[in-house]
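See structure below.
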Amino acid sequence: MERKYYNMEFTAEDLAIVEREIETLKNHEITCVEGLVEFMEKYSELSAIVEETMAWKYINMTRFADKEEYSRAFNEYYGSVVAALTKGSFDLNKKIYENDYFKELPEERYENYKRILKNEIEIYDERNVELGVKETELANKYGEIMSQVSVEFRGEEHTLLGMKKYMYEADRVTREEAWRKKYEALAGENNKLNELFDKLIELRVEMAANKEFDNYRDYMHEAKGRFSYTPEDLYEFHTAVEKTVVPFLAKLNKEKAERLGIPALRPWDVDVSVDGRKLKPFEKIEEFIDRGIGALGEVKEEFGEKLKYMRDNEFLDLDNRKGKAPGGYNYPLYESGVPFIFMNAVGVHQDVVTLMHEAGHAMHSFATRGERLLAYQDCPSEVAELASMSMEFMSMDAWRNYYPETGDYIKARKDQIMRSLETLPWVMIVDAYQHWIYLNPENTKEEREEHFRELMERFNPGIDWSGLDIEKGMAWINQLHIFEVPFYYIEYAISQLGAIGMYMNYKRDPEKALNDYENFLALGYCKSIEKIYETAGLKFDFSEDYIRELVDFLAGELEDLEKRS
């Protein structure tokens with residue numbers, strides 16, 4: 001959002017300045033509805049300035065995870081300025097909520113804002129602000145540890161992500177050796193990561209207890225403002241995926257094993273092509289970006305132009321290198337109105353999917369840049385991930401920018417459909433695992449590993465893990481969300497269903513589906529999740545019947561692609 005209430009000389013680097021502004025807002029007199037709206041907007045603008053200052057510190061911390069000064073700068077800012085604003089926000093939220101004119105705010109514009117504000121007030125506890133600072137400092141150690149893990153493989157040193165490329169090698173011996181070497185390197189950090197996780201569990205349990213919740217799971221459900229479904233609904237979601245997606249994937253994986261001439265797929269066989277075709281979307285990072293701009297431009301010219309702007313103005317850091325934190329993200333910069341995309345490209349097809357995914361987030365950020373209320377720019381994950389995952393599917397027709405050869409292009413599309421289905425059981429595992437962890441917070445490292453093995457078996461789509469119990473039990477440490485953003489994962493599955501539905505609509509009527517997509521992007525979070533999905537032309541539904549309908553649609557798409565290959 002452009003500045004309306006603060007001049008461009010104002011910065012949020014200094015704690016004393018931010019505290020002074022918070023006090024000014026606390027003492028501000030509101031005398032009419034219009035004055036209340038202006039107060040809400042000014043408060044949002046201050047928050048946006050602080051958020052963006054923090055954002056750049058986080059971005060630098062992840063870009064240079066091996067340099068302690070960047071993590072120190074982030075932690076210091078988070079523990080001082082951000083903590084001060086979080087504490088001040090409780091009083092400012094109450095000032096708005098309890099104001100005589102609050103009920104006079106028009107429902108059409110402010111209904112969802114009122115619900116968000118009420119929930120934020122109810123979940124706040126000053127003790128948890130301090131604990132949240134400690135939690136963030138601890139959680140950030142995960143990235144520090146993982147960024148420094150290196151794998152010695154056949155005379156060369158690789159990052160963990162750099163080992164991914166070997167999973168596409170036609171030679172099975174190479175794949176197995178690379179897979180085992182990766183897990184050997186992870187095993188060296190397993191105890192350290194479990195010790196870190198023990199500390200995180202302890203902090204999180206204390207946070208829940210401070211608000212008199214029986215467990216951290218229920219606390220986080222309310223803290224995330226999940227108004228549209230309950231924890232019990234998610235258990236039904238787990239079962240629905242188990243009954244619909246897992247059997248379908250098991251059937252496909254059995255067919256793949258037969259075509260590879262092996263009894264069953266092992267973990268190192270999952271990514272390899274049955275015809276030995278290995279996708280190579282780019283050689284240099286510049287090619288990767290240029291082709292991405294071209295692909296997005298084919299979906300809509302404006303989308304390509306926005307990614308080009310991000311490249312030209314240094315809002316991208318896409319290549320993998322030692323010392324860089326794992327993962328990828330689109331970080332909204334609320335004041336600039338231009339997001340930052342961070343990822344770790346190593347020259348494999350997944351890089352293309354990740355860029356399209358993060359570009360979907362970026363288009364969402366651009367679409368809401370004019371919103372004056374930060375609460376409406378900050379979308380819940382069920383909405384944010386719908387934007388990103390839908391872009392993966394809608395951009396598929398334009399992937400010829402990366403794969404001019406028809407065989408590669410068809411394989412890329414088939415892989416996308418398979419990956420979207422394979423995502424669902426994994427998300428169920430991660431979500432169910434976290435439910436169990438925080439409903440049984442006294443768990444030990446050994447119990448965690450045993451329970452994870454059980455979940456891996458429950459949602460196993462036909463992969464043979466025999467003789468790999470140790471690796472199977474520690475596979476959860478690959479998932480950064482469990483450490484850094486607990487319970488932020490089921491949204492990927494909810495949004496994946498939405499994205500498949502968007503793709504189904506796009507296949508039937510591309511122009512209308514793209515129009516619905518842009519309409520929902522522009523809403524931000526000014527409506528309920530159900531209303532946003534409706535605007536996108538979708539059901540907000542994760543029932544067994546609906547999932548089966550989507551699986552059947554994708555099965556048909558795979559059949560069509562198989563005929564063309």
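The values are calculated or read from the model by the stated rules, or taken from the named source; none is laboratory data. Computed from a prediction, not measured in an experiment: that's the story for all the values here. Here the Cβ positions follow ideal geometry from the backbone for every residue, glycine too, while neighbour counts run over all protein chains shown. These accessible areas exclude ligands, DNA and RNA; they are computed on the full protein's heavy atoms, side chains included. Shrake-Rupley method; radii C 1.70, N 1.55, O 1.52, S 1.80 Å.
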Q. For region 139-157 and region 161-225, what is the separation of their Cα centres, given in Å?
A. 14
Q.
Rounded, prolate or oblate, given the Cα gyration tensor of region 1-113, with a/c below 1.5 counting as rounded?
A. prolate
Q | Cα-based helix-to-principal-axis angle, 490-508 vs the chain, degrees rounded to 10 | A | 70
Q: Run the dipole for the chain about the Cα centre, Lys and Arg Cβ at +1, Asp and Glu Cβ at -1, nothing else charged, and hand back the magnitude in debye, nearest 20.
A: 1300
Q.
At 0.36 nm per residue, and after removing the present C-alpha to C-alpha distance, how many nm does the segment from ASP214 to GLU144 gain when stretched out fully?
A. 22.0 nm
**Q.** Helix 126-147 vs. the chain, principal-axis angle (Cα, 0 to 90°, nearest 10)
**A.** 30
**Q.** Of all accessible heavy-atom area on region 431-524, the percent that carbon and sulfur account for (1.4 Å)
**A.** 48
Q: Assuming a ≥ b ≥ c are the square roots of the Cα gyration tensor eigenvalues, decide whether region 464-518 counts as rounded (a/c under 1.5), prolate (otherwise, with a/b larger than b/c) or oblate.
A: oblate
**Q.** Accessible area (Å², per residue) of the chain, counting only protein heavy atoms and a probe of 1.4 Å
**A.** 42
Q) Can you give the angle from 0 to 90° between the axis of helix 172-210 and the longest principal axis of the chain, with both taken from C-alpha atoms, to the nearest 10? A) 30
Q: Take the Cβ-Cβ distance between GLU2 and ASP233 as r, set R0 to 35 Å, and report the resulting FRET efficiency rounded to the nearest 0.05.
A: 0.30
Q.
Order LYS95, LYS411, LYS165 by their accessible area, 1.4 angstrom probe, all chains in place, largest first.
A. LYS165, LYS95, LYS411
Q: Might you report the magnitude of the Cβ-based charge dipole of region 408-565 about its Cα centre, with Lys and Arg at +1 and Asp and Glu at -1, to the nearest 20 debye?
A: 500
Q | Solvent-accessible area, 1.4 Å probe, carbon plus sulfur percent, for region 45-96 | A | 44
Q. What's the center-to-center distance, using Cα atoms, between region 337-364 and region 38-52 in Å?
A. 27
Q. How large is the charge dipole for region 84-186, taken about the Cα centre, if only the Cβ atoms of Lys, Arg (+1) and Asp, Glu (-1) carry charge, to the nearest 20 debye?
A. 280
Q. Along the positive direction of the dipole of the chain (beta-carbon charges: Lys, Arg +1; Asp, Glu -1; about the Cα centre), which of LEU252, TYR216, VAL274 reaches farthest?
A. VAL274
Q | Violating pairs (Cα-Cα greater than 19 angstrom) within the set LYS67/LYS308; LYS254/LYS414; LYS256/LYS414 | A | LYS67/LYS308
Q: State the answer as a single residue: which of PHE540, TYR78, GLN416 lies farthest towards the positive end of the charge dipole of the chain, with beta carbon charges of +1 for Lys and Arg and -1 for Asp and Glu, about the Cα centre.
A: GLN416
Q | Simple label model, 7 Å out from Cα along Cβ direction - LYS445 to ARG172, nm | A | 3.4
Q) Taking the Cβ of THR406 as the center, what net charge do the other residues with Cβ under 10 Å away carry, scoring Lys and Arg +1 and Asp and Glu -1? A) +1
Q. Which of ASN60, ILE285, ILE500 sits closest to the plus end of the dipole of the chain, meaning its Cα is farthest towards the positive end, when Lys and Arg get +1 and Asp and Glu get -1 on the C-beta?
A. ILE285
